[in-house]
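The values are calculated or read from the model by the stated rules, or taken from the named source; none is laboratory data. None of the values given here were measured: they were computed from a predicted structure. Here Cβ is always computed from backbone atoms with ideal geometry, including for glycine, and neighbour counts include all displayed protein chains.
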Amino acid sequence: MAKKLNSNLHTAKQQKNDEFYTQLADIEREMLHYKEHFIGKTIYCNCDDPEWSNFFRYFALNVEHLGLKKLITTHFVYSDMFVEGETYKLEITKGLDVNADGKIDFSDVVKTALKGNGDFRGSECIQILQEADIVVTNPPFSLFREYMAQLIKYEKKFLIIGDQNAITYKEVFKFIKENKVWLGFDNGGTKWFQVPDNYDIQTESRKKIENGIKYFSKGSIMWYTNLDHTKRHKSLEEIGLFKTYTPAEYSKYDNYDAIEVSKVVDIPIDYDGIMGVPITFLDKYNPEYFKILGLDDHRVDWRGRGPDINGTPIYRRIIIQKIK
Ligand SMILES: C[S@@+](CC[C@H](N)C(=O)[O-])C[C@H]1O[C@@H](n2cnc3c(N)ncnc32)[C@H](O)[C@@H]1O
C-alpha cells in the first residue's frame, strides 16, 4: 500500500515538473534554420494544448508562410483527471490569424473528439503520428526516452526540446551514435519557461514574474532533431578548431587507449587516435570530420563514471575519432 502511495506521489510530482511552457521567441529563433523542410508537410504537435501552446501558436500563425499542408494538435489530459469527451484533435490547413492582428481565431478549425486522454502513446495519437511528417514540440522531460523512441520507431522527422542530460541516457545516446538524432541550433545557455502559479521553484534566481506571469529558468536546454541544418556542416575553422596534437599537452587515460580533451576548442585536428571529449562537443558536431564511438569508457552498462587519469575518474566523456 505504502509503495503504491509513494509511486502515486512520484507520478504527481513528475506531472507537476513537466508543466513548463516554451516561449514563442525561442521557437521562432530555432525554426529560422529549418524552413525548407516544412514546405508541403503535415506537422503534429502532440504535447501541446492548442489553447496555450506556443508551438501550436507558431505553426497556426505561419501555415501559409511555411507552406504547410496541415497542422494537427491534440489536447492531452492526465489520466487521473481525464473525463471522457474532454480531449480533442484540431486540424488546420489555413493560417488562423484571420485579422492579421497576431491573434489566433479558432472559428475556422476542424475539431474532432478523441476517445482517449490524448496521450502521445495512445493508439489514436499514434495513428495521427503516422499521418504526420514532422513532429515539433517540447515533450514531457520525464517521458523523454519513450517519446524519442516512438518518433524513431515510426520514422518521423522531428524537432524537439530536451535537457542536456538526455544525451547521456543510453536509450537516446544510441540514436546519436548512429546519426539518427543530433542537436539543433540554439543549444545550452538558459531559457525561461512559463510555469503555472503553483510551480515550485526553490532557487530565487531561477524565478521571475512579469506581467503577472511566472517564469522558471532552466539551463542546458537542447534542441534534438533529425532535420538537417547548416550548423551541422560547418568547417573545422568555422567550428573554431585549429589546435594540433602534442603528447605533452594531452594526457592518455589509464584504462582506455584514448587521449583526454577537456575542452571542445582543444580537440586536436590532426590526431588520428581516439579522444574523450565533453558532451557539449555535440553542439559542434559535424559528422563529416568525426565519428562517435561511445560514451565514457565505452562500457555498455555505463553508470556515470568516465575513464580514469592517474586513478581519478573523468566525468562524462563522449569518445570520438577523426574520420580519415
Ligand atoms: C514540458 S511541457 C511543454 C508543453 C508545450 N509543448 C510547450 O512547449 O509549451 C510538456 C507537456 O506535455 C504534456 N504531457 C505530459 N504527458 C503527456 C503524454 N503522455 N502525452 C501527451 N502530452 C503529455 C504535459 O501536460 C505538458 O504540458
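Look at (1) outside the structural domain of Lys157 (by TED's automatic domain parsing); (2) within 28 Å of Pro313 (Cα to Cα); (3) not small (Gly, Ala, Ser) and you find that Glu288 fails only one, number (2).
Residue under question is Thr22, and the condition is that it be at pLDDT 85 or above, in contact with a Lys or Arg (Cβ under 6 Å, 6 or more places away or on another chain) and either closer than 20 Å to Phe141 by Cβ or crowded, with 18+ Cβ neighbours inside 10 Å (or both); does it hold? So Thr22 fails the test.
Conditions tested, residue by residue: (1) touching a helix residue (DSSP H, G or I) at 6+ places or on another chain (Cβ under 7 Å); (2) closer than 24 Å to Lys218 by Cβ; (3) surrounded by 11 or more Cβ atoms within 10 Å (Cβ to Cβ); (4) among the hydrophobic types (A, V, I, L, M, F, W, C).
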| position | (1), (2), (3), (4) |
| --- | --- |
| Tyr44 | yes, no, yes, no |
| Cys47 | no, yes, yes, yes |
| Trp52 | no, yes, no, yes |
| Val63 | no, no, yes, yes |
| Val83 | no, no, no, yes |
| Gly95 | yes, no, yes, no |
| Asp101 | no, no, no, no |
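Within segment 180-192, the presence of at least one residue that is charged (D, E, K, R) and over 28 Å from Lys16 (Cβ atoms) is confirmed. If only residues of segment 182-199 that are among the charged types (D, E, K, R) and in contact (Cβ under 8 Å) with a residue 60 or more places away in the chain are counted, the one that is farthest from the ligand (Cβ to nearest atom) is Asp186.
Scan segment 155-170 and give yes if some residue there is in contact with a strand residue (DSSP E or B) (Cβ under 9 Å, 6 or more places away or on another chain), farther than 25 Å from Leu68 by Cα and buried (at least 19 other Cβ atoms within 10 Å of the Cβ), otherwise no. Checking segment 155-170: at least one residue is in contact with a strand residue (DSSP E or B) (Cβ under 9 Å, 6 or more places away or on another chain), farther than 25 Å from Leu68 by Cα and buried (at least 19 other Cβ atoms within 10 Å of the Cβ). Just so you know, in segment 132-148 the residues that are over 20 Å from Gln15 (Cα atoms) and outside any strand (DSSP E or B) include one that is nearest to the ligand (Cβ to nearest atom), and it is Ala132. Scan segment 55-108 residue by residue and report those that are part of a strand (DSSP E or B) and either touching a His at 6+ places or on another chain (Cβ under 9 Å) or away from the ligand (no atom under 16 Å from the Cβ) (or both). Listed by number, the residues that qualify are Lys70, Tyr88, Lys89, Leu90, Glu91, Ile92.
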